[in-house]
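In what follows, a structure is listed as structure tokens, so that the remarks can point back to it.
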Protein chains: 2
Amino acid sequence: MSGRKEKPVRVAVDAMGGDYAPFEIVKGAVQAAGEDGVEIILVGIEDVVRKELARYDAANLPLRVVNASEVIGYDESPVAALRQKPDASLVVALQLVKTGEADAMVSMGSTGAIMAGAKWILGTLRGIKRPVMGGTFLRLAPNTVVFDMGANVDCKPSLLLNFAVMGCVVARKTLNITNPTVAILSNGAEEGKGNRLVKETYQLFKNSDMNFIGSVEGHDIPLGKANVIVCDGFTGNVLLKFSEGLGQAIIGRLKATLKERLSEDEIEVIGSDLLALISAADVEGGGMLYGVDGVVIIGHGRAQSPQLASAVRHARLMVETDVIGALRLELAKL
Amino acid sequence: MSGRKEKPVRVAVDAMGGDYAPFEIVKGAVQAAGEDGVEIILVGIEDVVRKELARYDAANLPLRVVNASEVIGYDESPVAALRQKPDASLVVALQLVKTGEADAMVSMGSTGAIMAGAKWILGTLRGIKRPVMGGTFLRLAPNTVVFDMGANVDCKPSLLLNFAVMGCVVARKTLNITNPTVAILSNGAEEGKGNRLVKETYQLFKNSDMNFIGSVEGHDIPLGKANVIVCDGFTGNVLLKFSEGLGQAIIGRLKATLKERLSEDEIEVIGSDLLALISAADVEGGGMLYGVDGVVIIGHGRAQSPQLASAVRHARLMVETDVIGALRLELAKL
């Protein structure tokens with residue numbers, strides 16, 4: 001696609017969201033604006049953002065600032081904060097997507113507030129009740145997406161079917177897998193295994209026209225045993241965080257072990273390579289919020305400039321492959 | 001305890017259970033019988049077991065054979081198999097515990113059949129409805145036990161309270177922690193976070209006299225943020241298997257990376273050290289089945305002789321510290 005002359009993808013970046021905002025966000029936005037095919041709209045308290053921007057030679061970059069006078073913090077109740085702060089940066093960024101001034105929105109701010117805001121401002125796609133977080137879970141298993149990773153903690157089988165449909169679209173559109181295999185995460189591979197939700201979902205999936213291959217177990221995720229692995233958001237979230245924590249702990253121990261044998265530089269490279277394999281979210285810079293009517297990327301609060309730039313790239317891919325349009329089509333078939 | 005002259009702990013070992021049975025099981029039993037303070041009762045098809053035993057110089061070891069003419073396989077339905085094979089090795093081994101001829105039972109056979117058999121033959125402790133698998137989850141976090149790891153997939157808050165009580169006894173008795181901290185595994189640390197089960201359990205724990213510290217997240221497990229972490233057995237089982245799979249995948253990649261830099265022997269040592277940190281079950285040789293009226297250790301199907309010997313050691317510790325007696329006392333208080 002990069003060969004053709006495309007219209008640039010306009011990405012609204014929440015300049016105030018994230019542990020290292022605005023410094024790292026603005027820095028990452030400048031970096032992203034220097035890449036092909038994107039235009040950046042930095043949304044935040046204008047004075048603050050411009051002061052940050054002044055650090056860089058950004059005058060000729062496709063980058064502009066839109067003022068938003070308020071900021072929603074991590075410790076605020078999402079719904080109350082949205083009500084009390086109509087001019088918050090993440091709200092304004094979402095509105096730019098709604099009005100068509102931006103093609104996508106990226107924020108490293110409060111996940112709860114972004115989700116609630118996206119649902120409220122952009123609305124959900126027809127057939128979807130609640131937004132879903134999902135995507136590739138581990139770079140170790142690059143052809144496997146996991147849905148849901150934390151947005152929906154109490155699920156019914158019909159919701160897991162939604163996750164599977166979204167997962168299939170994502171696998172087709174972003175991983176180029178024609179007929180993705182679908183599995184349910186369970187405590188055993190046999191049909192009779194699982195908790196109540198898994199057992200009921202199993203029957204629903206069996207009777208669908210998806211390429212359903214049954215249940216997979218925890219150890220099958222790193223092996224990439226299915227292209228789309230579906231679980232409730234509680235399990236997905238616990239797994240995602242456990243994976244990150246375990247990876248960091250292992251790498252910490254490994255570094256200590258290697259200290260006497262290899263140079264500091266070598267150890268650093270080995271450590272970050274392994275870490276990258278474990279955390280897809282860090283690689284992509286953020287996960288897409290699926291099910292809302294627009295491209296919304298939510299990143300880690302601890303994201304720094306490379307992750308922000310990576311999230312913008314991810315947003316661009318989602319816009320260019322028209323994931324939302326494909327989702328809309330698939331959902332209409334249900 | 002090893003300084004005093006104690007009565008040896010008599011451990012019934014299911015010689016026929018496990019992927020490498022009877023060869024590795026008998027080999028491990030011979031090894032275990034050579035250690036202080038245990039007596040081994042090998043239970044299985046006598047001819048087969050004696051033929052295996054003939055490989056070793058075991059005549060003077062505290063080890064005897066008890067015949068059991070049948071074997072329950074992994075692919076059999078536990079309940080049906082127990083009914084159809086009353087002389088199965090795991091059944092006979094459990095009966096030795098029931099009649100007091102053995103102090104503990106160790107098997108690497110079908111988890112489902114051992115659980116169902118233990119419940120049926122030994123019965124559950126007063127106040128316990130179903131057996132529970134639990135224990136240290138990661139050697140990385142040696143002072144943290146996780147309950148349940150897979151026995152109970154659909155749970156109510158009262159069951160999670162059972163898990164917590166058992167976890168506290170185990171932490172006190174086997175980890176020597178006087179006042180263990182207790183937490184619920186959740187998708188967020190705040191009180192309002194969690195699925196329905198977590199939210200209800202939170203209130204129940206808050207009103208208990210346990211040392212409850214609230215909810216912990218996935219990344220808190222490797223950090224050992226609480227001594228006792230409670231979750232439903234579905235989540236626990238998925239996590240346990242994910243942890244093993246992820247660990248093996250990381251170590252596989254690491255070995256490939258280190259190949260050009262270190263010797264094969266060095267890589268092997270680093271790899272197994274890291275693997276040991278991840279998988280407590282492999283280190284201990286097996287997990288205790290809690291809640292039944294007797295010491296029952298269930299190991300990995302793929303266990304080999306060192307894991308069998310380690311499981312016997314674990315069984316001895318459980319008998320010598322009288323974990324069952326302590327559990328009985330604690331449960332009576334509820």
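The values are calculated or read from the model by the stated rules, or taken from the named source; none is laboratory data. Please read all numbers here as calculations on a predicted model, not as lab measurements. We place every Cβ from the backbone using ideal geometry, glycine too, and count neighbours over all the protein chains shown. In case anyone asks, the SASA skips ligands and DNA or RNA and just uses the protein heavy atoms, side chains included. Shrake-Rupley method; radii C 1.70, N 1.55, O 1.52, S 1.80 Å.
Structure values in brief
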| item | result |
| --- | --- |
| Residue that is under 21 Å from the mean Cα position of the chain (by Cα), of a type outside the set (A, V, I, L, M) and farther than 30 Å from B:LEU274 by Cα, where the choices are A:LYS241, A:LYS199, A:LYS206, A:LYS173 | A:LYS173 |
| The lone exception for A:LEU160 - which of (1) surrounded by fewer than 22 Cβ atoms within 10 Å (Cβ to Cβ); (2) in contact with a Leu (Cβ under 9 Å, 6 or more places away or on another chain) it fails | (1) |
| In the range B:163-177, the residues that are surrounded by fewer than 20 Cβ atoms within 10 Å (Cβ to Cβ) and within 20 Å of B:MET115 (Cα to Cα) | none |
| Listing of helices (runs of 4 or more DSSP H) fully contained in the range B:275-334 that carry 2 or more residues being open to solvent by 30 Å² or more (accessible area, probe 1.4 Å), more than 20 Å from B:ILE114 (Cβ to Cβ) and not hydrophobic (A, V, I, L, M, F, W, C) | B:305-320, B:323-333 |
| Filter result (open to solvent by less than 50 Å² (accessible area, probe 1.4 Å) and touching a residue at least 12 places away in the same chain (Cβ under 8 Å)) within the range A:86-103 | A:ALA88, A:SER89, A:LEU90, A:VAL91, A:VAL92, A:ALA93, A:LEU94, A:LEU96, A:VAL97, A:ALA102, A:ASP103 |
| The range B:222-262 - residue that is of a type in the set (S, T, N, Q) and at pLDDT 90 or above and, of those, surrounded by the fewest Cβ atoms within 10 Å (Cβ to Cβ) | B:ASN227 |
| Qualifying residue in the range A:211-221 (condition: open to solvent by less than 10 Å² (accessible area, probe 1.4 Å), assigned to a helix (DSSP H, G or I), facing chain B (nearest Cβ under 7 Å) and touching a residue at least 60 places away in the same chain (Cβ under 8 Å)) | yes |
| Which listed residue, of B:GLU52, B:GLU46, B:GLU39, B:GLU6, is among the acidic types (Asp, Glu) and under 21 Å from the mean Cα position of the chain (by Cα) | B:GLU39 |
| Selection from the range A:242-277 of residues that are polar (S, T, N, Q), farther than 12 Å from B:LEU246 by Cα and facing chain B (nearest Cβ under 7 Å) | A:THR257 |
| Enumeration of residues in the range B:97-112 that are over 13 Å from the mean Cα position of the chain (by Cα) and modelled with pLDDT of 95 or more | B:VAL97, B:LYS98, B:THR99, B:GLY100, B:GLU101, B:ALA102, B:ASP103 |
| Verdict on A:ALA15 being more than 28 Å from B:LYS193 (Cα to Cα) and crowded, with 23+ Cβ neighbours inside 10 Å | no |
| Per-region count, the range A:183-210, residues charged (D, E, K, R) and either buried (at least 18 other Cβ atoms within 10 Å of the Cβ) or closer than 20 Å to A:LYS333 by Cα (or both) | 4 |
| Residue satisfying all of: in the range B:222-241; within 12 Å of another protein chain (Cβ to nearest Cβ) and part of a loop (DSSP other than H, G, I, E, B); nearest to A:ALA189 (Cα to Cα) among these | B:ASP232 |
| Residues of the range A:193-210 satisfying the condition of being part of a loop (DSSP other than H, G, I, E, B) and within 14 Å of another protein chain (Cβ to nearest Cβ) | A:LYS193, A:GLY194, A:ASN195 |
| Whichever residue in the range A:131-148 is touching a Ser or Thr at 6+ places or on another chain (Cβ under 7 Å) and open to solvent by 10 Å² or more (accessible area, probe 1.4 Å) and, among such residues, is farthest from the other protein chains (Cβ to nearest Cβ) | A:THR136 |
| Selection count, the range A:96-130, where residues are under 30 Å from A:SER158 (Cα atoms) and in a helix (DSSP H, G or I) | 13 |
| Filtered residue count, the range B:33-81, keeping only those that are surrounded by fewer than 21 Cβ atoms within 10 Å (Cβ to Cβ) and under 30 Å from A:GLY192 (Cβ atoms) | 11 |
| Checklist (1) within 13 Å of chain B (Cβ to nearest Cβ); (2) open to solvent by less than 10 Å² (accessible area, probe 1.4 Å) applied to A:PRO180, failing item | (1) |
